[in-house]
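Some notes on the structure that comes next.
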Amino acid sequence: NCALDSAVAISGGLDMRFEAVYYRAERLWQPMLAQTLRDDFAVGKWGERFRARLTKDQMKNLMRAAHVSELGKSAAVAYNGFRDLDHYYSEMSALGDIPIEEYSGPSLEPQRRIQSLSIPLLVIHALDDPLVTFRTVGANHGLMHPTNLTKTGTGNLLLLLTKGGGHVGWPLGWFFFLNTWKWMNDAAMSFTNAVDHSRKEG
């Protein structure tokens, strides 16, 4: 029984395990992001909590993390007691309980997480996202093909995949700073309003 009427995931992923092998982002964008995340949160805002819970070696690994996956391994995995990065990514993903080899099969087992999706979920993702690979939300074949994904469970999964938009971006026009996050906010609002309208009529 879900307390929500609908949900929207923006620039997230349905299976974050693919993020562990996003090598282009590890080389280009993630080092800058990892440094900011480490400095602002792991050392700054929640530094005392991390130091209280992690061993000295774990803190060293956290300070040396060069990209987001390493940061996840040394911070999120160690801090929250996950076995490893794969366990962490599996638990945070709607498709994380599906063995990768099942993706090429004809159908899913009924007990899979995505099969019990009880409310409309809109996943908005740009294929050029430099931080979260498009592979976390789709593929050209198998279960991860968008057509197959949207047929899972009770049909409550909707995908809005765009060719461009970056990570939590979708800039509009030459003076994009005047409409910061407008496109994605409008998309999310249109979806939630449509769900609300449908519920009231139905």
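The values are calculated or read from the model by the stated rules, or taken from the named source; none is laboratory data. Here the structure is a predicted model, which is why all the values come from computation and not from measurement. Positions of Cβ are generated from backbone atoms using ideal geometry, with glycine treated the same way; all protein chains shown enter the neighbour counts.
Values as computed for the structure displayed
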{"read-out": "Considering residues of segment 50-67 that are in a helix (DSSP H, G or I) and in contact (Cβ under 8 Å) with a residue 24 or more places away in the chain only, the residue surrounded by the fewest Cβ atoms within 10 Å (Cβ to Cβ)", "value": "MET63"}
{"read-out": "From the options ASP128, ASP97, residue that is touching a helix residue (DSSP H, G or I) at 6+ places or on another chain (Cβ under 9 Å), assigned by TED's automatic domain parsing to the domain that holds GLY153, in a loop (DSSP other than H, G, I, E, B) and modelled with pLDDT under 95", "value": "ASP128"}
{"read-out": "Residue satisfying condition, being of a type outside the set (Val, Ile, Thr) and in a strand (DSSP E or B), within set LEU158, LEU178", "value": "LEU158"}
{"read-out": "Options ASN193, ASN185, ASN140, ASN179: the member that is under 18 Å from the mean Cα position of the chain (by Cα), polar (S, T, N, Q), surrounded by fewer than 16 Cβ atoms within 10 Å (Cβ to Cβ) and in the same structural domain as ARG113 (by TED's automatic domain parsing)", "value": "ASN185"}
{"read-out": "When residues of segment 146-176 are limited to those that are of a type in the set (Gly, Ala, Ser) and loosely packed, with under 11 Cβ neighbours inside 10 Å, the one nearest to SER104 (Cα to Cα)", "value": "GLY155"}
{"read-out": "Among the residues listed as ASP57, ASP40, ASP15, the single one being farther than 12 Å from LEU131 by Cβ, modelled with pLDDT under 90 and among the acidic types (Asp, Glu)", "value": "ASP40"}
{"read-out": "Residue in segment 145-160 that is farthest from THR192 (Cα to Cα), counting only those that are β-branched (Val, Ile, Thr) and touching a residue at least 12 places away in the same chain (Cβ under 8 Å)", "value": "THR152"}
{"read-out": "In segment 7-42, the residues that are out of contact with any strand residue (DSSP E or B) (no Cβ under 7 Å at 6 or more places or on another chain) and of a type in the set (S, T, N, Q)", "value": "GLN30, GLN35, THR36"}
{"read-out": "Search result, residues across segment 1-46 that are surrounded by 15 or more Cβ atoms within 10 Å (Cβ to Cβ), without any contact (Cβ under 8 Å) to a residue 40 or more places away in the chain and not hydrophobic (A, V, I, L, M, F, W, C)", "value": "PRO31, ARG38"}
{"read-out": "Of residues in segment 68-114 being small (Gly, Ala, Ser) and closer than 15 Å to GLN58 by Cα, the one surrounded by the fewest Cβ atoms within 10 Å (Cβ to Cβ)", "value": "GLY81"}
